[in-house]
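Asker: Here it is, the structure in full.
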Amino acid sequence: MPNEQTDTLVVGGGQAGIAMSEHLGKAGIPHLVLEKDRIAEAWRTARWDGLVANGPAWHDRFPGLEFRDCDPDGFPAKQAVAEYLADYAAMIDAPIRCGVEVLGAERIEGAGHFRVETSDGVVEAKNIVCATGAFQQPVIPPVVPQDALVTQIHSYDYKNPDQLAAGAVMVVGAGSSGAQIAQELMLAGREVYLSIGAHDRPPRAYRGRDYCWWLGVLGLWDVASMAPGTEHVTIAVSGAQGGQTVDFRRLAAQGMILVGMTQAYEKGVLSFADDLAGNIAAGDANYLDLLDAADAYAARHGLDLPEEPEARMIGPDPACLTDPLRMLDLAQAGITTILWATGYARDYGWLKVDVFDEHGAPRHQRGVSVEPGVFFLGLPWQSRRGSSFIWGVWHDAKHLADHIHTQRKYLDYHEGAARKATA
Ligand SMILES: Cc1cc2nc3c(=O)[nH]c(=O)nc-3n(C[C@H](O)[C@H](O)[C@H](O)COP(=O)(O)OP(=O)(O)OC[C@H]3O[C@@H](n4cnc5c(N)ncnc54)[C@H](O)[C@@H]3O)c2cc1C
């Protein structure tokens with residue numbers, strides 16, 4: 001049987017794959033999307049039960065469809081996000097084939113296409129768009145040995161508080177996942193320790209507008225790269241409990257014990273860096289900077305938004321901040337679980353093409369890789385800060401589709417004589 005052929009093969013049927021399909025379809029480019037599980041599988045099964053979107057429904061969506069049955073200012077549950085994406089795929093009639101895994105892809109030299117091996121046969125494609133997600137392989141730093149007498153899980157495998165053995169929990173990492181899971185565990189009655197590194201923590205809302213709105217009008221979602229000399233830090237935001245600012249002092253006042261970066265483990269004792277106060281202070285500065293920028297914007301544009309001076313009141317420092325723990329005997333503290341909310345690594349093991357640097361990162365410009373015909377979508381900071389978010393990926397997909405369309409026109413070029421002869 002001959003191999004199946006298509007112009008552009010999109011690997012992955014999450015939001016990136018769906019956005020790509022929409023733009024390829026609009027440009028009239030024949031394509032196929034292969035998804036190894038179901039549409040938006042990551043939103044269905046790879047995240048905890050109580051997760052809601054971090055951005056409000058009016059913002060964290062594609063331009064062409066609103067969430068159904070959801071207050072635009074509310075935060076859709078993860079299942080609603082998955083349904084939204086499936087509805088969207090149906091609305092645009094995306095050619096997605098579910099349950100088909102891409103196992104390998106390589107260029108066939110001299111043939112002008114890639115040979116893509118899948119769990120359901122071989123596909124030949126002129127272009128490949130890797131839309132398999134930036135959050136693929138859970139990463140647990142090698143701090144605590146696997147045979148230590150404490151259960152270790154990654155936030156990827158966390159579902160709900162009942163899943164964890166009785167006892168206190170040490171949550172490592174205070175980005176959106178760590179901060180939200182730590183709060184969920186505390187509200188479920190667990191004693192919780194939270195290990196906090198460098199982070200940004202924008203206000204959930206200020207002067208009646210969500211932070212997503214402020215970042216939009218201030219142009220901060222469109223920032224193309226991090227400021228020189230700065231490192232990417234995690235962002236602690238939450239739509240849980242109706243949407244609240246992540247305020248570590250408030251969590252401490254409610255009983256959570258904050259510690260610095262987790263550094264080492266020896267004989268049942270965890271040790272922490274002396275950086276808690278500094279990390280909290282930097283998070284506060286980031287929070288206050290955004291309030292300043294928002295006020296300046298409101299004044300400049302004459303916006304009639306309610307003043308909110310109380311947003312600038314930072315609560316008192318809790319004892320765990322003024323006199324931070326540097327060592328913690330896990331057994332003595334009754335800690336039975338360490339939950340690592342420490343992020344993810346990429347995994348493009350199936351792509352046998354020379355497009356990666358020495359760290360395994362794709363070499364690309366706005367998703368267009370150094371290898372003609374290979375594209376990436378959904379990478380953090382692919383073209384701007386918003387790139388890995390639902391709405392941001394839609395714009396990056398448009399750029400890639402435009403690029404593929406232009407390349408197709410070049411390849412369609414015929415010399416003048418040949419054109420005349422066929423006229
Ligand atoms: C905990 C968490 C919360 C988040 N919350 C938000 C939020 O509130 N708002 C927001 O805008 N963003 C949020 N994000 C960021 C981002 O929107 C999501 O990670 C989103 O799922 C990324 O979409 P994607 O399509 O790039 O990747 P994914 O959703 O991971 O989709 C990739 C798809 O590719 C498939 N796949 C992988 N390998 C293969 C293969 N070899 N063959 C075929 N198929 C394959 C997978 O099954 C998967 O369905 C969150 C991320 C995390 C981790």
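Asker: Ordered by residue, what ³J(HN,Hα) values in Hz, to whole numbers, does the stretch 191-203 give under the Karplus form 6.51 cos²θ - 1.76 cosθ + 1.60, where θ = phi - 60° and Gly and Pro are x?
Answerer: 7, 10, 9, 10, 8, 10, x, 5, 7, 9, 9, x, x
Asker: Can you give me the distance in nm between label points at Glu191 and Gln332, each placed 7 Å from the Cα along the Cα-to-Cβ direction?
Answerer: 1.2 nm
Asker: Taking 60 Å as R0, compute the FRET efficiency from the Cβ-Cβ separation of Asp304 and Glu109 and round it to 0.05. It would help to have the intermediate numbers written out before the result.
Answerer: Values: r = 64 Å, r/R0 = 1.07.
E(calc), rounded to 0.05, equals 0.40.
Asker: Here is a follow-up. Expressed as a rounded percentage, what relative contact order does the stretch 245-327 have, with Cα pairs under 8 Å and six or more residues apart? Can you show the working numbers first?
Answerer: Values: 67 pairs, mean separation 35.6, N = 83.
Reported relative contact order: 43 percent.
Asker: Kindly sort Leu330, Leu187 by accessible area of their heavy atoms, largest first, with the probe set to 1.4 Å.
Answerer: The most accessible residue leads, giving Leu187, Leu330.
Asker: Place a point 7 Å from the Cα of Val223 along the Cα-to-Cβ direction; which residues of the stretch 232-255 have their backbone N under 17 Å from it?
Answerer: Answer for the stretch 232-255: 232-237.
Asker: Using a ≥ b ≥ c from the Cα gyration tensor of the stretch 145-221 (square roots of the eigenvalues), is it rounded, prolate or oblate, where a/c under 1.5 gives rounded and otherwise the larger of a/b and b/c decides, a/b for prolate?
Answerer: Numbers: a/c = 3.11, a/b = 2.26, b/c = 1.37.
Cα axes put the stretch 145-221 in the prolate bin.
Asker: Here's a follow-up. Whenever you get a sec, compute what percent of the accessible area on the chain sits on carbon and sulfur atoms (1.4 Å probe). Before the final figure, lay out the partial values.
Answerer: Working: 10410 of 20050 Å².
For the chain, the apolar C and S fraction of the accessible surface comes to 52 percent.
Asker: Within the P(r) computed for the stretch 167-289, what percentage of the Cα pairs occupies the region above 20 Å?
Answerer: On the way: 3450 of 7503 pairs.
Roughly 46 percent, rounded to a whole number.
Asker: Rolling a 1.4 Å sphere over the protein heavy atoms, what is the accessible area per residue of the chain, to the nearest Å²? All intermediate terms of the calculation are to be shown ahead of the outcome.
Answerer: Values: 20050 Å² over 423 residues.
I get 47 Å² per residue for the chain.
Asker: Same structure, new question: What's the extension gain from Leu149 to Met91 if we count 0.36 nm per residue and subtract their Cα-Cα distance? Write out the running numbers ahead of the final one.
Answerer: Numbers: separation 58, 0.36 × 58 = 20.88 nm, distance 5.08 nm.
Value of the extension gain: 15.8 nm.
Asker: Now, a different point. Before rounding to the nearest 500, sum -39500 (n - 2.57) across all DSSP H runs of length at least 4 in the chain and divide by the residue total; then give [θ] at 222 nm in deg cm²/dmol. Spell out each step's value before the answer.
Answerer: Working: 10 runs with 114 residues, N = 423.
Rounded to the nearest 500, the figure is -8000 deg cm²/dmol.
Asker: Quick one: go through the stretch 90-113 and flag any residue whose amide nitrogen is under 15 Å from the point 7 Å out along the Cα-to-Cβ line of Asp120.
Answerer: The answer is 94-103, whose backbone nitrogens lie closer than 15 Å to the label point.
Asker: Which percent, nearest 5, of DSSP beta bridges in the stretch 1-143 are antiparallel?
Answerer: On the way: 12 of 26 bridges.
The answer is about 45 percent antiparallel.
Asker: To continue, here is another question. Points 7 angstrom from Cα along the Cβ direction at Asp402 and Thr45: gap in nanometres?
Answerer: For the pair Asp402/Thr45, the computed spacing is 3.8 nm.
Asker: What is the total of Lys pairs in the chain with C-alpha atoms under 20 Å apart, excluding same-chain pairs fewer than 8 positions apart?
Answerer: Total qualifying Lys-Lys pairs in the chain comes to 11.
Asker: Based on DSSP, what percent of beta bridges with both residues in the chain are antiparallel, to the nearest 5?
Answerer: Working: 27 of 63 bridges.
Close to 45 percent.
Asker: Pull up the DSSP beta bridges for the stretch 133-269 and report the antiparallel fraction as a percent, rounded to 5.
Answerer: Details: 3 of 12 bridges.
Bridges in the stretch 133-269 that DSSP calls antiparallel: roughly 25 percent.
Asker: From the P(r) of the chain, can you give the percent of Cα pairs sitting at distances over 33 Å? Write down the numbers at each step before the final one.
Answerer: Values: 36755 of 89253 pairs.
Counting every Cα pair in the chain, those more than 33 Å apart make up 41 percent.
Asker: Tell me the net charge near Val122. Cut-off is 10 Å between Cβ atoms, Val122 excluded, with +1 for each Lys or Arg and -1 for each Asp or Glu.
Answerer: Numbers: positive: Arg115; negative: Glu4, Glu117, Asp120, Glu124.
Local charge sum for Val122: -3.
Asker: From Cα pairs below 8 angstrom and at least 6 apart in sequence, can you work out the relative contact order of the chain, rounded to a whole percent? Spell out each step's value before the answer.
Answerer: Working: 799 pairs, mean separation 91.0, N = 423.
Once divided by the residue count of the chain, the mean separation gives 22 percent.
Asker: Okay, next question. Using θ = phi - 60° and the Karplus form 6.51 cos²θ - 1.76 cosθ + 1.60, what ³J(HN,Hα) does each residue of the stretch 164-171 get, whole Hz, x for Gly and Pro?
Answerer: After applying 6.51 cos²θ - 1.76 cosθ + 1.60, I find 8, 4, 4, x, 6, 10, 9, 9 Hz.
Asker: Also: With just the Cα atoms defining each centre, how far is the stretch 53-127 from the stretch 291-346? Give it in Å.
Answerer: So the two Cα centres are separated by 34 Å.
Asker: Taking amide H atoms as placed 1.01 Å from N in the peptide plane, list the residues 5 or more away in sequence, or in a different chain, whose amide H sits under 5 Å from that of Val259.
Answerer: Amide H neighbours of Val259: Leu194, Ser195, Ile196.
Asker: Using each residue's phi in the stretch 383-391, evaluate 6.51 cos²θ - 1.76 cosθ + 1.60 at θ = phi - 60° and report the 3J(HN,Hα) Karplus result to the nearest Hz, with x for Gly and Pro.
Answerer: 3J(HN,Hα) across the stretch 383-391, in whole Hz: 10, 6, 4, x, 4, 8, 8, 3, 6.
Asker: A further question on this structure: Can you give the percent of C-alpha pairs in the stretch 269-423 whose distance is more than 28 Å?
Answerer: 59 percent
The values are calculated or read from the model by the stated rules, or taken from the named source; none is laboratory data. Computed from a predicted structure; not experimentally measured. Quick reminder, even Gly has a Cβ in these numbers, built from the backbone with ideal geometry, and neighbours come from all protein chains shown. In case anyone asks, the SASA skips ligands and DNA or RNA and just uses the protein heavy atoms, side chains included. Shrake-Rupley method; radii C 1.70, N 1.55, O 1.52, S 1.80 Å.
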